[in-house]
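Just below is one structure, and these are the notes that go with it.
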Amino acid sequence: MTTVVPAVFRRRLSPLAVVEALATPHAVDRYLELVNPMLTVRDVRAEVTEVRRSTADTVTLTLRPTRQWRGFEAGQFVQVTVDVDGVRRTRCYSPAGSQHRADGRIELTVKAHARGLVSRYLHANASTGLVVGLTQAAGTFCLPDPRPPRILLVSGGSGITPVLSMLRTLCDEGYDGDVAFLHYADTEDDVAHRDELRALAAEHSAVTVVLACTGHDGGDLSGYFGQEHLDAVAPWHADAETFVCGPPGLMTAVRDLYTRNGRAGRLHVEDFAPAPVAVETAAATGALTFERSGTAVDNTGTTILEQAEAAGLQPEHGCRMGICFSCTQVKMSGCTRNVRTGETHTEPDTEIQLCISVPVGDVAIDL
Ligand SMILES: Cc1cc2nc3c(=O)[nH]c(=O)nc-3n(C[C@H](O)[C@H](O)[C@H](O)COP(=O)(O)OP(=O)(O)OC[C@H]3O[C@@H](n4cnc5c(N)ncnc54)[C@H](O)[C@@H]3O)c2cc1C
């Protein structure tokens, strides 16, 4: 009698590969999560072990990642996936803790946006025991190695996280250069991690922490970023590497000043929100078709993600700025332009990122 051996067993496969083949079409982790969501073969996940709400509109989560987690460099970001009303949603968050944290846990501080889906969900619902999906850390907003002798860290609002991570990392390393931390918030009470910042400044003589309040009196300085603040906080700023993360107004003010001063080359920036896309509404032509949902709209010239949302569709998305690839879909036909690079893509049946692609004429998307 001849036994028919399934193809999967004919090659010498690892036990894991066999299990994965048998589990197809779902990955093994989709079955394991039914038993214990922290028991994974390939996926990185993390369990919330602590939740703090130190200001009215932020929540700080401590996460214990699964064994696949490879750590991060201060300033990088991770993508966090949570189920909101039964739909998996992914967003980027920058760890706020030191990259040298001994227990390997990750600290994220999330600011609840008034109309934001995931940030409001986490702010309202995150509790210990919640398990979230995680990616490995990514991003190039990092401290140079070796560390430069003078470092200026500037942040505003929720942009505090990557630069606080840098400050905590430098303190753990016993950094003995000059480091100044200038943070902007409406009032002192709006500064997440205010107590930790004050404690770091008290413990480390090389660290200067300055809180600037833009809304009311209070803080160490008042008003918005400008040359005066720079001179007051880091008189040596001309010789420093500067790292900045914050709302668009702060980013523009810092970029403009550094460009005027001829020091743009020493400025390192991280944007949490996409820069506004110049919409060529008048020049927009053609129809945008979402094939699977049977929806067609006149091309308005905005990104395909925005046009899909305006048409009532809810495509998965994350960063809305081309970083996280959550919104990747197949363009079936037509020409699209990448708003970040200006490149056009005419090839059919290729993957594009909806959040940074605009249609040029008739376009069909598999959505
Ligand atoms: C590299 C990186 C690191 C980040 N790190 C942090 C961090 O450490 N902490 C932090 O708090 N945030 C961080 N962010 C921002 C974070 O990823 C999210 O963007 C933020 O939490 C808002 O997500 P949300 O789901 O609440 O909002 P969303 O629901 O995604 O909405 C975001 C914005 O889009 C608007 N919007 C929503 N729906 C629509 C629609 N249908 N049409 C048009 N506009 C719409 C909303 O009004 C809102 O202003 C980071 C972002 C990046 C790119």
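The values are calculated or read from the model by the stated rules, or taken from the named source; none is laboratory data. The structure presented is a predicted model; accordingly, all values stated were derived computationally and were not measured. Because the Cβ atoms are built from the backbone with ideal geometry, glycine has one as well, and the counts that use them run over all protein chains shown.
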ask   = Would you pick out the residues in region 339-367 that are within 16 Å of the ligand (Cβ to nearest atom) and outside any strand (DSSP E or B)?
value = VAL339, ARG340, LEU354, CYS355, ILE356, LEU367
remark   = By residue number, the members of region 104-121 that are assigned to a loop (DSSP other than H, G, I, E, B) and either in contact with a Gly (Cβ under 6 Å, 6 or more places away or on another chain) or in contact (Cβ under 8 Å) with a residue 24 or more places away in the chain (or both) are GLY104, ARG105, ALA112
ask   = Within region 289-296, is even one residue buried (at least 19 other Cβ atoms within 10 Å of the Cβ), away from the ligand (no atom under 16 Å from the Cβ) and at pLDDT 95 or above?
value = yes
key: Checking ALA199 against (1) touching a strand residue (DSSP E or B) at 6+ places or on another chain (Cβ under 8 Å); (2) surrounded by fewer than 19 Cβ atoms within 10 Å (Cβ to Cβ), the condition it does not meet   = (1)
task = Return the only residue of GLY159, GLY139, GLY177 being farther than 30 Å from GLN68 by Cα and either within 16 Å of the ligand (Cβ to nearest atom) or assigned by TED's automatic domain parsing to the domain that holds GLY265 (or both).
result = GLY177
key: GLY312 in a loop (DSSP other than H, G, I, E, B), at pLDDT 95 or above and in the same structural domain as THR242 (by TED's automatic domain parsing)   = no
remark   = Of the residues in region 266-299 that are under 23 Å from the mean Cα position of the chain (by Cα) and in a strand (DSSP E or B), the one that is nearest to ALA138 (Cα to Cα) is GLU270
Subset of region 53-99 (residues that are surrounded by fewer than 18 Cβ atoms within 10 Å (Cβ to Cβ), part of a loop (DSSP other than H, G, I, E, B) and hydrophobic (A, V, I, L, M, F, W, C)) = ALA56
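To keep it simple, each residue is scored yes or no on (1) in the same structural domain as SER326 (by TED's automatic domain parsing); (2) at pLDDT 95 or above; (3) away from the ligand (no atom under 13 Å from the Cβ); (4) over 17 Å from SER54 (Cβ atoms).
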position	(1), (2), (3), (4)
ASP85	no, no, no, yes
ARG101	no, yes, yes, yes
LYS111	no, yes, no, no
HIS123	no, yes, no, no
LEU130	no, yes, yes, yes
SER165	no, yes, no, no
LEU182	no, yes, yes, yes
LEU197	no, yes, yes, no
key: Single residue of THR336, THR302 found to be buried (at least 17 other Cβ atoms within 10 Å of the Cβ), free of Cβ contacts under 8 Å to residues at least 60 places away in the same chain, part of a strand (DSSP E or B) and not aromatic (Phe, Trp, Tyr)   = THR336
inquiry  = Here are the criteria: (1) at pLDDT below 95; (2) more than 26 Å from the chain's Cα centre (by Cα); (3) under 30 Å from VAL80 (Cα atoms). Tell me which single one CYS324 does not satisfy.
reply    = (2)
ask   = (1) closer than 16 Å to ALA124 by Cβ; (2) more than 9 Å from the ligand (Cβ to nearest atom): which one isn't true of GLY71, the others all being true?
value = (1)
